[in-house]
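**Q** Structure below; questions to follow.
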Amino acid sequence: MSKQQRQHRISRLLEESAVSSQAELVALLADDGVDATQATVSRDLEELGAVKVRLPGGELAYALPELPSQQIAPEDHLRRVLGDWVVDLDVSANLVVLRTPPGSA
């Protein structure tokens, strides 16, 4: 199976179900008859622009931008992540302490 075909299947799986981990995605691909390692899936997710989003129930799942043009610029991604995940920030001399919700660090 080519890289493009595998990435297409990954996109389809992410649209059809809430995938919360790369290991879960590897298992779903194996169920589809696609042999892929976690490292390969990690690279594919990066190339596809996948990000983890918080679902209404509070759990996290991978999601893809609707269109490639909607992929988030690194600075915008950092702003969004800091806005969504940083609960508190403390500065002391040369240290910065960021507090996040449990399981988000």
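**Q** Got a sec? Which strands (runs of 3 or more DSSP E) wholly within the chain have at least 3 residues that are in contact (Cβ under 8 Å) with a residue 60 or more places away in the chain and either in contact with a helix residue (DSSP H, G or I) (Cβ under 9 Å, 6 or more places away or on another chain) or among the aliphatic types (A, V, I, L, M) (or both)?
**A** Where strands (runs of 3 or more DSSP E) fall fully within the chain, none carries at least 3 residues being in contact (Cβ under 8 Å) with a residue 60 or more places away in the chain and either in contact with a helix residue (DSSP H, G or I) (Cβ under 9 Å, 6 or more places away or on another chain) or among the aliphatic types (A, V, I, L, M) (or both).
**Q** Hey, another quick one. Hey, can you tell me all the residues within the range 26-39 that are of a type in the set (A, V, I, L, M) and closer than 17 Å to Q4 by Cβ?
**A** Start the filter on the range 26-39 by keeping residues that are of a type in the set (A, V, I, L, M), which leaves 26-30, 34, 36, 39.
Scanning the range 26-39 gives L29, V34, A36.
**Q** What residue, of A23, A63, A36, is more than 28 Å from P102 (Cα to Cα) and hydrophobic (A, V, I, L, M, F, W, C)?
**A** A36
**Q** Return only the number of the condition from (1) out of contact with any His (no Cβ under 9 Å at 6 or more places or on another chain); (2) modelled with pLDDT under 95 that V51 does not satisfy.
**A** Condition not satisfied by V51: (1).
The values are calculated or read from the model by the stated rules, or taken from the named source; none is laboratory data. Here the structure is a predicted model, which means the values were calculated and not measured. Quick reminder, even Gly has a Cβ in these numbers, built from the backbone with ideal geometry, and neighbours come from all protein chains shown.
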